[in-house]
Protein chains: 2
Amino acid sequence: MSTKALSIRDIAAKANVSITTVSFILNGKAVERNISKAVIQRVEEIVEADGYKPNQIARSLRTGNSQIIGLIVEDIANPFFAGIARLLEDKAYRKGYKIIYSSTENQAGKTRELINLFKSRQVDAYVIAPAQGAEKDIQSIIDDGKPVVLFDRFLPQLDVSYVGIDNYNASYQAAQQFIKEGRRHLALVTVDLDIQQIKEREDGFNVAIKDAGLKKEASVVIKVPFAHSREEAITLLVDMFKQAPQIDAVLFATNYLAISGLLAIKETEKIIKQDLSVIAYDDGDIFKLHTPQISALAQPLEDIAESIIKEVFQQLSDKSERTITRTILPVELLLR
Amino acid sequence: MSTKALSIRDIAAKANVSITTVSFILNGKAVERNISKAVIQRVEEIVEADGYKPNQIARSLRTGNSQIIGLIVEDIANPFFAGIARLLEDKAYRKGYKIIYSSTENQAGKTRELINLFKSRQVDAYVIAPAQGAEKDIQSIIDDGKPVVLFDRFLPQLDVSYVGIDNYNASYQAAQQFIKEGRRHLALVTVDLDIQQIKEREDGFNVAIKDAGLKKEASVVIKVPFAHSREEAITLLVDMFKQAPQIDAVLFATNYLAISGLLAIKETEKIIKQDLSVIAYDDGDIFKLHTPQISALAQPLEDIAESIIKEVFQQLSDKSERTITRTILPVELLLR
DNA sequence: TGAAATTAGTAAAACGTTTTAGGAAACACA
DNA sequence: TGTGTTTCCTAAAACGTTTTACTAATTTCA
């Protein structure tokens, strides 16, 4: 019960060498440090047989690295973030890194706390879908020289790498599609967050309408308060349909708004495809399974995760020069 | 750029006291150690003003605790696990703990690696939805005296705390419901994993059928291979409906099987509610939004998370005596 | 042959904390 | 006045690594 873990000291004693030697062997510096074949083999055998694993905490204290990547998102239970988390975890794991994550609920205060917490854990790199207002805290980790990659949401004030999608074009395409289908009274249901990404989603929508020569009054943009519960959102959207019955197409700017929206539509007499075209941001089983199926602007999860991890490891390996990259990935409009 | 973080030494120097004193103050042992009010205040002011945060790594090395809880699940992107993760994160955070997680893909080998990794990071407690075959590795952390709570899946060989749901009764209820609706040809779509929980789901189903006096041949149990892709699962299920067209009720034993199943049903002529009753394990928006809505056996996520965290902290505080608890929570059959 | 170079290893400091063991000064009391 | 006792604080060890700076023995080669 509770037997103390082996330390490098135990291995050294057993092999009759110094701990320095063991450390060199364990860290692949054996040849470089001219350790004899015999000693290398002896030590490796003991390590293997006893199942010795170096204490990462001690290693971190000494080296300053933790082999941990901090992931900060709005809500890990959101399928988009959960999906990204899973992909990142996988890719990071292959390089010997682990993920430690936290949800911010989009609060700058919580973000600050988390960053401090991660700092004190000597996290090696940060992947963040940032809340507005977290600029200073993020800047502080950049100043610490740690790799930082933002994704999903961009903070224009910061000189930092970013991986995102082409929100503007995605919305533009969606609106264009509505118009092609003969819809003339378009609605955008979005959230009242002051986030670049959300603004782009609105801009693309508006410009497409303008470019098509539609009257501005014909379209409507509804901003659902971020903090609203699902029920409140539904009520608000049902009201929208009541007050603007002419609406014949709706673009939902986030996956959770789409879900509230579809539930709201169920409460109206509107029949999707017949009375109403619908497109949702972020694809998911839920849209594929819906009757009728819902068209979606699918974010390329795999590409996003891959770009993030590539950038993280690029920065991790190239400590010297700090180059930043901005990766904007295309969104696919899945028509259903 | 890259200014070194403050250490307790810096604070001590600035306050003109020893680092011991600073440490005592920081750890709330000031009164107990008779530190004067004046010194306490001076130190606290400096700490506050300079924004000093103790290095958790050093603290961990010295104390052997990390304030980290390790979460090991099959797949963090599965909404059930993502939901639990989020709730645990929240509850742990309030007590100053963080979560570090990993997905096992239900492989014992990966589980072992992860446990070793977590060990070397001196994780304070483990929350695990275990894969079969991981018994030895889990036993080893129990032997280390670390708190361990299993959930979702139970390993009968281990003497360890567990939080789960009443799978047997849930399935029993579901089958009973089918029969009450006049269905006579029931199917259970489950997975070919050798997991206690999965077996219970099957047993409840079978016993309900027997208790109702239905002929055994009338019902069917399909086991979808775990490693199958979504597409393969769908093909398999479409085949099932072809070969056993008399089936008039289906219980899906996991949320992802239900999704495959619903997609499969779309490919047949079957009309849900009319030709076919459907119940799925694990509730989700997807079932609420489906047309028609799908009845579900809703796991009480909040209760599960609460029970897990309560047990973790109970064990964490009461290092001395190792008592184990088995919490079985009821499942709610949501009829839609 | 003797100096230089190479080989094979080690001792000890350092990372930033917590904690044990103790010490000096002030006070209490007989 | 001397002796406990209390108050306030500190020195130093320890946690388990990595890494720098060394040494002793052997080999090379002019």
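A short reminder: the numbers here are calculations on the coordinates, not readings from a lab. Quantities reported herein were computed from a predicted structural model and do not represent experimental measurements. With ideal geometry, Cβ positions are generated from the backbone for all residues, glycine too; neighbour counts draw on all protein chains shown.
Go through segment A:303-331 and count every residue that is loosely packed, with under 14 Cβ neighbours inside 10 Å and not small (G, A, S). Walk me through how you get there before you give the answer.
Step one: filter segment A:303-331 for residues loosely packed, with under 14 Cβ neighbours inside 10 Å, giving A:317-321, A:323, A:326, A:330.
Checking the rest, the ones that are also not small (G, A, S) come to A:318-319, A:321, A:323, A:326, A:330.
Qualifying residue count, segment A:303-331: 6.
Residue by residue, here is whether (1) among the aliphatic types (A, V, I, L, M); (2) within 30 Å of B:R86 (Cα to Cα); (3) touching a strand residue (DSSP E or B) at 6+ places or on another chain (Cβ under 7 Å) holds:
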{"site": "B:V207", "(1), (2), (3)": "yes, no, no"}
{"site": "B:K216", "(1), (2), (3)": "no, no, no"}
{"site": "B:F226", "(1), (2), (3)": "no, yes, yes"}
{"site": "B:P245", "(1), (2), (3)": "no, no, no"}
{"site": "B:T254", "(1), (2), (3)": "no, yes, yes"}
{"site": "B:A280", "(1), (2), (3)": "yes, yes, yes"}
{"site": "B:H290", "(1), (2), (3)": "no, yes, no"}
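Here is a yes/no grid of residues against (1) more than 30 Å from B:D303 (Cα to Cα); (2) within 16 Å of DNA strand C (Cβ to nearest atom); (3) aliphatic (A, V, I, L, M):
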{"site": "B:S7", "(1), (2), (3)": "yes, yes, no"}
{"site": "B:I19", "(1), (2), (3)": "yes, yes, yes"}
{"site": "B:S23", "(1), (2), (3)": "yes, yes, no"}
{"site": "B:G28", "(1), (2), (3)": "yes, yes, no"}
{"site": "B:K37", "(1), (2), (3)": "yes, yes, no"}
{"site": "B:I46", "(1), (2), (3)": "yes, yes, yes"}
{"site": "B:V73", "(1), (2), (3)": "no, no, yes"}
{"site": "B:K91", "(1), (2), (3)": "no, no, no"}
{"site": "B:R94", "(1), (2), (3)": "no, no, no"}
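Under 6 Å between Cβ atoms, at least 6 apart or on separate chains: pull out the pairs that start in segment B:71-83 with a residue that is at the interface with another protein chain (Cβ under 7 Å from one of its Cβ atoms) and end on any residue that is of a type in the set (K, R) and outside any strand (DSSP E or B).
B:I76/A:R86; B:A77/A:R86
Looking only at residues in segment B:109-153 that are away from every other protein chain (no Cβ under 14 Å) and in a strand (DSSP E or B), which one is farthest from the chain's Cα centre (by Cα)?
Per the stated criteria, the residue is B:A125.
Restricting the search to segment B:40-68, which residues are more than 8 Å from every other protein chain (Cβ to nearest Cβ), more than 16 Å from A:R59 (Cβ to Cβ) and among the charged types (D, E, K, R)?
Selection gives B:R42, B:E44, B:E45, B:E48, B:D50.
If you go through segment B:48-60, how many residues are more than 8 Å from DNA strand C (Cβ to nearest atom) and surrounded by 15 or more Cβ atoms within 10 Å (Cβ to Cβ)?
Count: 2.
Of all residues in segment A:9-22, count the ones that are near DNA strand D (Cβ under 9 Å from one of its atoms) and farther than 18 Å from A:R33 by Cα.
3
Do we find that A:V278 is more than 11 Å from every other protein chain (Cβ to nearest Cβ), touching a Phe, Trp or Tyr at 6+ places or on another chain (Cβ under 8 Å) and surrounded by 14 or more Cβ atoms within 10 Å (Cβ to Cβ) in this structure?
Working: more than 11 Å from every other protein chain (Cβ to nearest Cβ): yes; touching a Phe, Trp or Tyr at 6+ places or on another chain (Cβ under 8 Å): yes; surrounded by 14 or more Cβ atoms within 10 Å (Cβ to Cβ): yes.
Answer is yes for this residue.
What do you reckon, is B:V43 surrounded by 18 or more Cβ atoms within 10 Å (Cβ to Cβ), within 16 Å of DNA strand D (Cβ to nearest atom), touching a residue at least 12 places away in the same chain (Cβ under 8 Å) and not polar (S, T, N, Q)?
yes
Where residues in segment B:252-290 are without any contact (Cβ under 8 Å) to a residue 12 or more places away in the chain and under 18 Å from A:Y256 (Cβ atoms), which of them is farthest from the chain's Cα centre (by Cα)?
Taking the candidates together, the pick is B:L289.
For segment B:84-98, how many residues meet the condition of being at the interface with another protein chain (Cβ under 7 Å from one of its Cβ atoms) and either surrounded by fewer than 23 Cβ atoms within 10 Å (Cβ to Cβ) or out of contact with any helix residue (DSSP H, G or I) (no Cβ under 9 Å at 6 or more places or on another chain) (or both)?
The number of residues fulfilling the criteria is 3.
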